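S.K.: If you scroll down you'll find the structure; I have some questions about it.
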Amino acid sequence: MLGREKIELKTPEQVLAMRKAGLLTYAALNTARSALRPGVTTRELDALAEDVIRSGGGTPNFLGYHGYPATLCISVNHVVVHGIPGDQVLEEGDVVSIDGGCVVDGWHGDSAFTQIVGEPREAADAELVEVTRQALWRGIAALARRGRVGDVGDAVEDAVDGRFGIVDGYTGHGIGTAMHMPPDVLNYRTRDRGPKVRTGMCLAVEPMCTRGGVDTEVLADEWTVVTADGSRAAHWEHTVAVLDDALWVLTAPDGGAEELAPLGVTVPQE
Ligand code: MF3
Ligand code: CO
């Protein structure tokens, strides 16, 4: 566990710098989302996102990370995370998770969403996507209580409420001058409550859920993570800053205002 490692706390100026990376990450993902349709290849989506990042003055932070070969991870159907873009042609009903990030002026952003191409094949696919999305926002909202980082896992587990599997072995993380930093942000309840939530913490909250079990395997490419039982999976992620008296979702264009207001959490006005 990373429990005793030092957590990077950001000043308000540093959070503002991270907001740039967050908004550029959003722009890249939103462009890929807009291009999602039957017939598009995952490589085409990756190229669109890379263009947005580079023309916005950023650098893709996945590209070259431990040798990772692309800007985005695009994980289709039973692929949970870290799917490598390539020749795969997307089809109606595919459950597509797109994860991406960038670095701007040395500060990192990281975000993901899942969307079904066209109409879902089964109602449960749409439910999986929506429940995972709600788990993300409830996990984020839990940080506003300024308790322990482990509160995120409680909130995610409560939001999923046993309807779907919560993927084992993959977690959210601290983020800032690197993409992956302490602390781990778990997606389920544990006895270890984790570190205290403090002003200046920046965390990537990222629940991953499946229609089946919690176990995964990594394919021979050493990246692609699939569900062991072949069930379809969803993944949502945002980079969040903890401010003195508020939360700021750095990778959401409205800072998270619309999603967090119903959960009783306010975000700063820009
Ligand atoms: N963005 C992933 C995460 O959410 C990490 C991707 S690893 C990479 O933490 F190598 F693909 F970049
Ligand atoms: Co992440």
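The values are calculated or read from the model by the stated rules, or taken from the named source; none is laboratory data. Note that the structure is a prediction, hence the values are computed from the model and not measured. Every residue, glycine among them, receives a Cβ derived from its backbone with ideal geometry; neighbour counts consider all protein chains shown. Surface accessibility is based on the protein's heavy atoms, side chains included, excluding ligands, DNA and RNA. Shrake-Rupley method; radii C 1.70, N 1.55, O 1.52, S 1.80 Å.
S.K.: With the contact rule set at Cα under 8 Å and sequence spacing of 6 or more, what percent relative contact order holds for the range 12-263?
M.R.: On the way: 641 pairs, mean separation 54.1, N = 252.
Relative contact order comes out at 21 percent.
S.K.: Which cross-chain or sequence-distant (5 or more) residues have an amide H under 5 Å from the amide H of Gly118, H modelled 1.01 Å from N in plane?
M.R.: Gly93
S.K.: Here's something else I'd like to know. Let me have the relative contact order for the range 86-216, percent, based on Cα pairs under 8 Å that are six or more residues apart.
M.R.: Relative contact order, the range 86-216: 25 percent.
S.K.: Report the Stokes-Einstein translational diffusion coefficient (µm² s⁻¹, integer) for the chain, Rh taken as the Kirkwood radius over Cα pairs, at 10 °C with viscosity 1.306 mPa s.
M.R.: 87 µm²/s
S.K.: A follow-up question, please. Could you do me a favour and compute the accessible area per residue for the range 12-263, 1.4 Å probe, result in Å²?
M.R.: 39 Å²
S.K.: Now a separate question. Let's test the formula: R0 of 22 Å, r as the Cβ-Cβ distance of Gln269 and Asp105. What FRET efficiency results, to the nearest 0.05?
M.R.: Values: r = 24 Å, r/R0 = 1.07.
According to the calculation, E is roughly 0.40.
S.K.: Also: About the Cα centre, and with charges only on the beta carbon of Lys, Arg (+1) and Asp, Glu (-1), how big is the dipole of the range 12-263? Nearest 20 debye, please. Mind showing how you got there, number by number?
M.R.: Details: 20 positive and 37 negative charges, 157 e Å.
The dipole of the range 12-263 has a size of about 760 debye.
S.K.: Between the range 1-50 and the range 211-270, what is the C-alpha centre distance in whole Å?
M.R.: The distance from the Cα centre of the range 1-50 to that of the range 211-270 comes to 11 Å.
S.K.: Please enumerate, by chain and number, the aspartates and glutamates with C-alpha under 12 Å from the C-alpha of Lys196, excluding those fewer than 8 residues away in the same chain.
M.R.: Filter leaves Asp151.
S.K.: For a quick check of understanding: with a 1.4 angstrom probe and all protein chains in place, what accessible area in square angstrom does Lys196 have, to the nearest ten?
M.R.: Solvent-accessible area, nearest 10 Å²: 120 Å².
S.K.: Related question: Starting from the Kirkwood radius over alpha-carbon pairs of the range 196-270, derive D by Stokes-Einstein at 25 °C in a medium of 0.890 mPa s and give it in µm² s⁻¹.
M.R.: It comes out at roughly 168 µm²/s.
S.K.: Determine the calculated [θ] at 222 nm for the chain from helices alone, applying -39500 (n - 2.57) to every DSSP H run no shorter than 4 residues and normalising by the residue count; nearest 500 deg cm²/dmol. Spell out each step's value before the answer.
M.R.: Numbers: 5 runs with 71 residues, N = 270.
Dividing the helical sum by the residues of the chain leaves -8500 deg cm²/dmol.
S.K.: Can you pull the percent of Cα pairs in the range 145-193 with separation above 19 Å?
M.R.: The proportion of pairs with Cα distances above 19 Å equals 27 percent.
S.K.: Same structure, new question: Determine the distance separating the Cα centre of the range 114-142 from the Cα centre of the range 51-91; give it in Å without decimals.
M.R.: Measuring centre to centre over Cα atoms gives 20 Å.
S.K.: Using a 1.4 Å probe, how large is the accessible area of Thr210, given in Å² and rounded to the nearest 10?
M.R.: That residue has around 0 Å² of solvent-accessible surface.
S.K.: How large a share of the accessible area of the range 12-263, in percent, is made up of carbon and sulfur atoms when the probe is 1.4 Å and the other protein chains stay in place?
M.R.: Summing carbon and sulfur atoms, their accessible area is 49 percent of the total for the range 12-263.
S.K.: Could the peptides 79-85, 188-194 be put in order, highest first, of the mean number of other beta-carbon atoms found within 10 Å of their residues? Before the final figure, lay out each step's value.
M.R.: Working: 79-85: 23.3, 188-194: 13.9.
The densest-packed peptide leads the list: 79-85, 188-194.
S.K.: Could you report the accessible area of Glu5 in Å², rounded to 10, computed with a 1.4 Å probe on the protein chains as they sit in the structure?
M.R.: Using a 1.4 Å probe on the heavy atoms, I get roughly 90 Å².
S.K.: Which one, Ser55, Pro120, Gly212, projects farthest toward the positive side of the charge dipole computed for the chain from Cβ point charges (K/R +1, D/E -1)?
M.R.: Positive-most Cα among the choices belongs to Ser55.
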